[in-house]
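Participant: Below you'll find the structure I mean.
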Amino acid sequence: MKDAPPTTELTADMTIGELVQTVPGSESIIRAYFYGGCHHCPAQHTEPLWLAAKLYNHDVDAILDDFRAIQRGESPSLRTFTAGSTARERRLAREAARNDRDS
């Protein structure tokens with residue numbers, strides 16, 4: 001019996017671009033959590049997942065669980081998907097993230 005290929009450990013410090021490249025077929029997660037996807041956003045290659053999750057008011061662990069599900073060949077649950085945060089919530093999250101980074 002052949003061993004399963006090793007899988008890359010997924011972390012919240014990976015960029016969205018790294019995650020999508022590492023986990024083929026995971027674009028649906030990005031579209032669900034981040035309002036249509038990040039393919040047009042240059043930050044996909046610079047901002048870590050934890051920051052994107054914070055900006056969009058999502059649980060980063062739930063998003064990682066969905067990436068891991070696809071990595072295992074399962075369907076993602078998208079259990080923390082919300083209809084969307086308001087512009088004010090996104091602005092406050094960006095400010096909080098900036099403060100975290102500057103601390």
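Participant: Report yes if residue 89 is over 10 Å from the mean Cα position of the chain (by Cα) and modelled with pLDDT of 85 or more, otherwise no.
Facilitator: no
Participant: Same structure, new question: Tell me which residues, restricted to the stretch 23-50, are assigned to a helix (DSSP H, G or I), surrounded by fewer than 18 Cβ atoms within 10 Å (Cβ to Cβ) and either without any contact (Cβ under 8 Å) to a residue 40 or more places away in the chain or touching a Gly at 6+ places or on another chain (Cβ under 8 Å) (or both).
Facilitator: Result: 27, 31, 42, 43, 45.
Participant: Residue 11 is checked against (1) outside any loop (DSSP other than H, G, I, E, B); (2) of a type in the set (Ser, Thr, Tyr); (3) modelled with pLDDT of 90 or more and fails just one. What number does that condition carry?
Facilitator: Status for residue 11: all satisfied but (1).
The values are calculated or read from the model by the stated rules, or taken from the named source; none is laboratory data. Only a predicted model underlies this, so the values are computations on that prediction, with no experimental measurement involved. No Cβ is skipped: glycine too gets one built from the backbone with ideal geometry, and neighbour counts run over all protein chains shown.
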